[in-house]
Structure formats: C-alpha cells, structure tokens
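The values are calculated or read from the model by the stated rules, or taken from the named source; none is laboratory data. Note that this is a predicted model, so its numbers are computed, not measured. For neighbour counting, all protein chains shown are included, and Cβ atoms are generated from backbone atoms with ideal geometry for every residue, glycine included. When the accessible area is computed, the model is the full protein with side chains, heavy atoms only, and any ligands, DNA or RNA have been set aside. Shrake-Rupley method; radii C 1.70, N 1.55, O 1.52, S 1.80 Å.
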Amino acid sequence: MAAVRGLSLSAVALRAVTLWPGGRLLAASRGPRALRELSSSSPEAGEGQIHLTDSCVQRLLEITEGSEFLRLEVEGGGCSGFQYKFSLDTVINPDDRVFEQGGARVVVDSDSLAFVKGAHVDFSQELIRSSFQVLNNPQAQQGCSCGSSFSVKL
C-alpha cells in the first residue's frame with residue numbers, strides 16, 4: 001500500500017453491518033438512504049459490483065485531491081474473523097477493480113472484492129464519529145457487537 005495521505009483514519013474507521021432478525025444485514029442506526037450503483041471500469045461490470053450512497057460520493061469529492069481515491073480492503077482480524085479497512089491512496093495495482101461515480105473513485109483489490117461484492121459503501125456522520133462504512137454486505141454472515149468486524153458465509 002503506497003502513498004496513503006496522512007489523515008487520522010481512526011475518524012474514517014469502519015463500522016460493519018449488524019445482523020437483523022431473519023438473516024438480513026443492516027447497519028445500526030441507519031435510516032432510508034438513496035443508494036446508487038457505481039459503474040466499473042472493468043469489462044465484467046455486472047459481477048462483483050460495489051454500490052455507493054450519495055453521502056459517500058459527496059464526502060469523497062470533499063476529501064480527495066488530484067488522483068486520490070478511497071481504497072477498501074478486507075483484512076483478517078477483529079472478533080468475528082474479518083475487518084474492513086479504508087484508506088486514501090493514489091496507486092492502482094494490476095489486481096485492483098476501480099469503481100467510479102460522479103468523479104469519486106473506490107478501489108478494491110480482487111481478493112477483498114470476493115468478501116464485499118454486492119455491498120454498499122456509505123459515509124455516516126454522527127455526534128461521536130464520522131466514518132466510511134460497509135452496509136448490506138451479502139457476503140457477511142454476521143457482524144460483531146462492536147460493529148468493526150464480520151464473519152463470512154460459507
């Protein structure tokens with residue numbers, strides 16, 4: 001991971017999805033939001049899409065400069081097995097998928113994409129924190145109570 005801008009990424013920390021009765025994945029304290037699908041620069045745009053909310057696009061346009069974009073990665077860790085990681089980056093690697101909407105770009109490496117395909121990326125502002133987060137991840141079986149990690153469907 002190269003060229004990550006020196007922001008306090010704890011403010012951009014992610015809160016994972018929570019399991020709702022009946023097996024649906026929803027974010028805690030989320031109201032209805034207009035969700036927009038990102039278009040992909042790759043030929044298989046229909047497979048493995050990432051969706052953005054309007055607030056995510058707006059915030060990315062405010063904080064990125066020049067060739068910067070938001071990178072979404074999935075790492076092992078957290079109390080449920082996997083956790084999301086967000087960072088600002090400028091280097092696109094050969095195995096990256098680039099999703100772009102309205103001038104805002106989100107980049108996901110192919111390994112991480114397998115864990116988040118079909119999910120929504122949102123930017124949430126609350127009294128105690130503002131952060132990017134993954135909502136409605138169809139690849140996640142459940143989230144932990146702290147909201148920072150998830151387990152995958154087998």
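Can you find even one residue in the range 53-60 that is in contact with a strand residue (DSSP E or B) (Cβ under 8 Å, 6 or more places away or on another chain), assigned to a strand (DSSP E or B), open to solvent by 20 Å² or more (accessible area, probe 1.4 Å) and of a type outside the set (Phe, Trp, Tyr)? For the range 53-60, residues in contact with a strand residue (DSSP E or B) (Cβ under 8 Å, 6 or more places away or on another chain), assigned to a strand (DSSP E or B), open to solvent by 20 Å² or more (accessible area, probe 1.4 Å) and of a type outside the set (Phe, Trp, Tyr): absent. Of the residues that sit in the range 118-130 and are of a type outside the set (Ser, Thr, Tyr) and part of a strand (DSSP E or B), which one is surrounded by the fewest Cβ atoms within 10 Å (Cβ to Cβ)? By that ranking, first place goes to 125. Of the residues making up the range 61-73, those that are outside any loop (DSSP other than H, G, I, E, B) and either acidic (Asp, Glu) or in contact with a Phe, Trp or Tyr (Cβ under 8 Å, 6 or more places away or on another chain) (or both) are 62, 70, 71, 72, 73.
Could you check, for the range 131-154, whether at least one of its residues is farther than 22 Å from residue 53 by Cβ, open to solvent by 10 Å² or more (accessible area, probe 1.4 Å) and among the β-branched types (Val, Ile, Thr)? Checking the range 131-154: at least one residue is farther than 22 Å from residue 53 by Cβ, open to solvent by 10 Å² or more (accessible area, probe 1.4 Å) and among the β-branched types (Val, Ile, Thr).
If the condition is being free of Cβ contacts under 8 Å to residues at least 40 places away in the same chain, part of a strand (DSSP E or B) and among the charged types (D, E, K, R), then the range 74-113 contributes 75, 96, 109. Checked against the criteria, residue 10 does not count as of a type in the set (Gly, Ala, Ser), closer than 19 Å to residue 141 by Cβ and either modelled with pLDDT of 95 or more or open to solvent by 70 Å² or more (accessible area, probe 1.4 Å) (or both).
Taking the range 131-154 as the range and being part of a strand (DSSP E or B) and of a type in the set (Ser, Thr, Tyr) as the test, the residues that pass are 131, 149, 151.
Out of the residues in the range 88-117 that are of a type in the set (S, T, N, Q) and more than 22 Å from residue 54 (Cβ to Cβ), state the one that is surrounded by the most Cβ atoms within 10 Å (Cβ to Cβ). Here the residue is 112. Against the criterion of being open to solvent by less than 20 Å² (accessible area, probe 1.4 Å), over 17 Å from residue 139 (Cβ atoms) and basic (Lys, Arg), residue 71 qualifies.
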